[in-house]
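Working notes, beginning with the structure itself.
The values are calculated or read from the model by the stated rules, or taken from the named source; none is laboratory data. Quick caveat, the model's predicted, so the values are computed rather than measured. Cβ placement follows ideal geometry from the backbone for every residue including glycine, while neighbour counts extend to all protein chains displayed.
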Amino acid sequence: MENNIEPFEFKQCVSIVKSTGKYASNLSELRKLISRVGDESIFHHVYQYFLKGHMLEYTNDFAHWAGEHLEERALAERLSSIDPYTLKSVSEVRKELIREIDDFLSNFPEPRDVAPGSEFYFNETVSLVFPVGVKTRNLAEFLVAIGHIDAGSIYYHFYDSRVRLGEGVVDDFSRWIEHTLYRKKVADKIRAIDPFMHSIESREHIKEIVEECVRADMEGVED
C-alpha cells in the first residue's frame with residue numbers, strides 16, 4: 001500500500017546573488033529604487049533574509065540598513081514589522097515598504113547620506129533548484145530526513161513555497177502531509193508555525209510535531 005503513496009521528494013535551493021548596479025545613499029534614493037527595481041530584488045532583500053542562516057535584530061535588509069547605517073531605529077522597527085507571509089504578493093510587500101518610508105519622511109527630516117561604503121546595494125537572486133536524492137513515503141521516514149537535510153532545503157520547502165504556491169500559509173511539507181498522507185491535524189500544526197518569528201532552523205519545531213505524531217502512531221493513539 002505504501003508503495004502507491006506519492007513520496008515527498010526533498011529539493012535543495014541554492015541562490016546566486018546578482019548585482020543590479022543600483023544603490024542608495026539616503027532614504028529618498030532608497031524609496032525611489034524600491035519603487036523601480038524588479039520583484040526579484042524585493043524578493044531577495046525581504047524573503048531571502050531568512051536564508052541567511054541567522055537572525056539579526058531586523059527582519060529584512062531594508063530595515064537592517066535603516067537601523068545600522070542610517071541610524072534611524074524607529075524606521076527600522078517599522079520596516080521590520082512588515083510580515084511578508086501575511087501579504088499576497090511581492091507587489092504588496094513593495095507597497096508596504098514605500099508606505100512606511102513615505103510616512104516616516106512626512107514626519108521627520110530626511111536622514112543624512114550614509115558614510116561612503118555604507119550605501120544600500122540592490123541585488124537580486126538567481127535560484128537553482130534540484131533534488132537532493134531523498135524521498136520519504138511516511139511520517140517516520142520524513143522525521144529522519146527533516147533532521148539531516150540542508151538548511152537550503154528547509155528554506156525552499158517551508159519559506160519559498162509560500163510565495164511559489166501563492167497560498168500564503170501553505171508550505172510544501174504540510175501540503176504533502178495533508179493531501180498525500182491525509183494527516184490534516186499534523187499539517188495544521190506545521191502551518192501554525194509562524195515563519196516570520198523563527199529562523200531557518202524551523203526544522204526543530206517541525207521535528208517536534210512529527211515526532212509526537214510518530215510516537216502516537218507507535219502507541220496506537222490517534223492524532
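In this structure, is Phe158 surrounded by 20 or more Cβ atoms within 10 Å (Cβ to Cβ) and not assigned by TED's automatic domain parsing to the domain that holds Arg175? No; evaluated as a whole, the condition is false for this residue.
When Lys185 is tested against (1) closer than 19 Å to Thr86 by Cβ; (2) basic (Lys, Arg); (3) exposed (fewer than 14 other Cβ atoms within 10 Å of the Cβ), only condition (1) is not met. In this structure, Ser41 qualifies as farther than 30 Å from Leu181 by Cβ, in contact with a strand residue (DSSP E or B) (Cβ under 8 Å, 6 or more places away or on another chain) and not assigned by TED's automatic domain parsing to the domain that holds Asp160.
One residue stands out in region 63-77 among those that are of a type in the set (Asp, Glu) and assigned to a helix (DSSP H, G or I): the one that is nearest to Ser161 (Cα to Cα), namely Glu77.
Does region 140-159 contain at least one residue that is assigned to a strand (DSSP E or B), touching a residue at least 24 places away in the same chain (Cβ under 8 Å) and not hydroxyl-bearing (Ser, Thr, Tyr)? Among the residues of region 140-159, not one is assigned to a strand (DSSP E or B), touching a residue at least 24 places away in the same chain (Cβ under 8 Å) and not hydroxyl-bearing (Ser, Thr, Tyr), which makes the answer no. So is Val129 in contact with a strand residue (DSSP E or B) (Cβ under 6 Å, 6 or more places away or on another chain), surrounded by 16 or more Cβ atoms within 10 Å (Cβ to Cβ) and aliphatic (A, V, I, L, M) or not? No; evaluated as a whole, the condition is false for this residue. Residues of region 78-119 that are within 15 Å of the chain's Cα centre (by Cα) and outside any helix (DSSP H, G or I): Ser81, Ile82, Asp83, Leu87, Lys88, Ser89. Of note, Lys18 satisfies the criterion of being basic (Lys, Arg) and assigned to a strand (DSSP E or B). Only residues that are in a helix (DSSP H, G or I) and at pLDDT below 90 were counted in region 44-55, giving 6. Yes or no: Phe62 within 18 Å of the chain's Cα centre (by Cα), under 20 Å from Lys18 (Cα atoms) and surrounded by 16 or more Cβ atoms within 10 Å (Cβ to Cβ)? It is true that Phe62 is within 18 Å of the chain's Cα centre (by Cα), under 20 Å from Lys18 (Cα atoms) and surrounded by 16 or more Cβ atoms within 10 Å (Cβ to Cβ).
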